[in-house]
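Each remark here refers to the structure printed beneath this line.
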Amino acid sequence: MLTVMDAAEEMGVFDPRFVRIWGQTDNQLPVRVVRPARARSHLLGTDAPPWLHTGSIGQPFDFCGHVRGLCADMVARCQELWHIDVSRLLFAVTQARNGRAHGLQARVTPLRFRDGRLTRRGRGTAYQVQRYFVGAQEMLYVVTFCLPRFLDQDFDDKFVTVFHELYHISPAFDGDLRRHEGRCAIHSRSKRGYDAHMAELAREYLADGADPALHAFLRLNFAQLQERHGQVMGVIVPRPKLIPVPARRKSS
């Protein structure tokens, strides 16, 4: 089992600030209960169709486990996402600060700089992004969903959001984001065109025999999942920090 010191030694820096590791006996991934946004949840209602199976009734709903299973199937079925290794994606949630429908839905955080570099220079100082490990596996991206807000979108919008985040991952799968030509390197020249392409990928996925059991939870809103399961749980990890690299250490 990889330890913090093992990872630090591999990097040549005996400083645990550069590495975050979970998945060990005494340091599991932190799982928390997501709080409801009462006004929004009340508006959407709590009656859930009984034919949509989302796990054992009365047992906490594992949001990150369900979205991981869905993303693994999306990657396997969508040729444009075949480069993604889901085992190196850390799925997490962040608590919405209010009940507004608009705002952050999800984000993908790269754990490398441009072209997969571990460090970059800024104003004469080299910085390294923290490296995240779950057990012995190093993560290259953190995919975070803002709850309850994400779950309170329409079904189609949720699907587009998931594809939107996965498509940001570099085709080289090197910890960097996919980059487009021109000034709008992340969303291409037309965000509307980008979103339309994501909607097309979502429609193709659903029409290609996707297992309804994997995305049944997306047909329910947060209040419905909470009513059925009692609690909605998710992994909550801090955003990676940029750490100044000691002068004695060479940049990657």
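Here are some notes:
- H42 in a helix (DSSP H, G or I) and modelled with pLDDT under 90: yes
- Remark: pairs (first residue in the stretch 160-172, in contact (Cβ under 8 Å) with a residue 12 or more places away in the chain; second residue part of a helix (DSSP H, G or I); Cβ separation under 6 Å; 6+ apart in sequence or on different chains) = V160/M198; V160/A199; V160/A202; F163/M198; F163/L201; F163/A202; H164/M198; L166/L81.
- In the stretch 78-119, the residue that is least open to solvent (accessible area, probe 1.4 Å) out of those that are in contact (Cβ under 8 Å) with a residue 12 or more places away in the chain and among the basic types (K, R) is R112.
- Qualifying residue in the stretch 105-114 (condition: outside any strand (DSSP E or B) and among the polar types (S, T, N, Q)): yes
- Single condition Q128 does not satisfy, out of (1) open to solvent by 10 Å² or more (accessible area, probe 1.4 Å); (2) at pLDDT 90 or above; (3) among the polar types (S, T, N, Q): (1)
- Sole residue being of a type in the set (G, A, S), touching a residue at least 40 places away in the same chain (Cβ under 8 Å) and closer than 28 Å to R97 by Cβ, chosen from A202, A126: A202
- Single residue of the stretch 57-99 satisfying the filter (part of a helix (DSSP H, G or I) and of a type in the set (D, E)) that is farthest from the chain's Cα centre (by Cα): E80
- Residue ID - nearest to L242 (Cα to Cα), chosen from residues in the stretch 105-149 that are touching a Leu at 6+ places or on another chain (Cβ under 9 Å) and aromatic (F, W, Y): Y127
- Within the stretch 10-29, the set of residues being farther than 19 Å from L111 by Cα, modelled with pLDDT of 55 or more and either of a type outside the set (S, T, N, Q) or outside any strand (DSSP E or B) (or both) comprises T25, D26, Q28.
- For the stretch 197-212, residues that are assigned to a helix (DSSP H, G or I) and either surrounded by 12 or more Cβ atoms within 10 Å (Cβ to Cβ) or not small (G, A, S) (or both) total 11.
- Of all the residues in the stretch 141-175, those that are assigned to a loop (DSSP other than H, G, I, E, B) and either under 22 Å from D85 (Cβ atoms) or open to solvent by less than 20 Å² (accessible area, probe 1.4 Å) (or both) number 8.
The values are calculated or read from the model by the stated rules, or taken from the named source; none is laboratory data. A quick note: this is a predicted structure, and the numbers were derived from the prediction, not measured. Glycine gets a Cβ as well: all are built from the backbone with ideal geometry, and neighbour counts include every protein chain shown. Only protein heavy atoms, including side chains, enter the accessible area calculation; ligands, DNA and RNA are left aside. Shrake-Rupley method; radii C 1.70, N 1.55, O 1.52, S 1.80 Å.
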